[in-house]
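The values are calculated or read from the model by the stated rules, or taken from the named source; none is laboratory data. Bear in mind the structure is a predicted one, so any value in this text is a computation, not a measurement. Counting neighbours? That spans all protein chains shown, and the Cβs are built from the backbone with ideal geometry, glycine included.
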Amino acid sequence: MPSLIENIQRHGGLADRLTNRLIWKFAGARRALATDVPLVSFTFDDVPDSALDQGAAILERHGARGTFYIAGGLAGQVEPERVLIAPEGCRELAERGHEVGCHTFSHRRIRDMSRRELPRDLDRNAAYLAGAGVAPPPANFAFPYNAAWPLARPEFRRRFRSCRGAGEAINRGLVDPLMLKAVEIRQPEAQARALTRWIDDVAETPGWLVFFTHDIAARPTAHGCTPETFDRLVAHAVDRGCIVLPVDRALDRLGW
């Protein structure tokens, strides 16, 4: 009879959601998140060039910086609706004070990699970023497709301060740093604009709100938003008295 792990491996997106829920519910090594001020982090996955050209610039106009999770295997890739940043874009982000994180090299689901493949893939991404001029090595990770995998946790614990999934929740109370929750900024645009309610929530009851998105473009993909909407969200966070920090600096502030 197949084990629970084997059954999960066979069932696509449902498996990802089930695995994430199990980790959030049962994973140990939780830490108390204590903050008397609301923290907000804006993060980007894959990192299309518009996230650099528009997203980073908007954050900077508000005196803030973000975290950009890079998968080196996507570098320079041209897709119908977006172009992924090249090595010089990674270096520019770091030089402008943004955090560059890891999103694997191959952008594969973690559960699809063997225990030997995963460390090689992560080493390859670290080498890619080093070759791009990003130093030190990334300290924080985001799961491709927001799909975590419990058997990989020892490897992530060894390499990273945190790992980010999705979860549509604010991080409060006892939090697993290897499974941070985040809220997605995506289409439809009206839904993305309404995400100010999450900022109001964290402003009223302090915790750590992590947003994630992809492209910031006049004609965004399903997984991005317009520059006007992104500017609205960043401005609202600042206006509500939130401290907007990259993930690594938020961890520093929390004493993790």
Within region 80-122, how many residues are within 18 Å of the chain's Cα centre (by Cα) and among the aliphatic types (A, V, I, L, M)? 7
Hey, any hits in region 121-140 for a residue that's in a loop (DSSP other than H, G, I, E, B), in contact with a Gly (Cβ under 6 Å, 6 or more places away or on another chain) and closer than 23 Å to R186 by Cβ? no
Taking into account only those residues within region 17-29 that are surrounded by 14 or more Cβ atoms within 10 Å (Cβ to Cβ) and closer than 22 Å to R158 by Cβ, which is nearest to the chain's Cα centre (by Cα)? N20
A careful count of residues in region 119-136 that are modelled with pLDDT of 95 or more, surrounded by fewer than 20 Cβ atoms within 10 Å (Cβ to Cβ) and either on the phi > 0 side of the Ramachandran plot or not charged (D, E, K, R) (or both) gives 7
Spot the failing condition for G66; the list is (1) surrounded by fewer than 17 Cβ atoms within 10 Å (Cβ to Cβ); (2) closer than 18 Å to F230 by Cα, and only one is missed. (1)
Residues of region 157-202 that turn out to be basic (K, R), farther than 28 Å from R109 by Cα and surrounded by fewer than 15 Cβ atoms within 10 Å (Cβ to Cβ), as a count: 1
I'd like to verify a number: residues in region 13-54 that are in a loop (DSSP other than H, G, I, E, B) and among the basic types (K, R), how many? 1
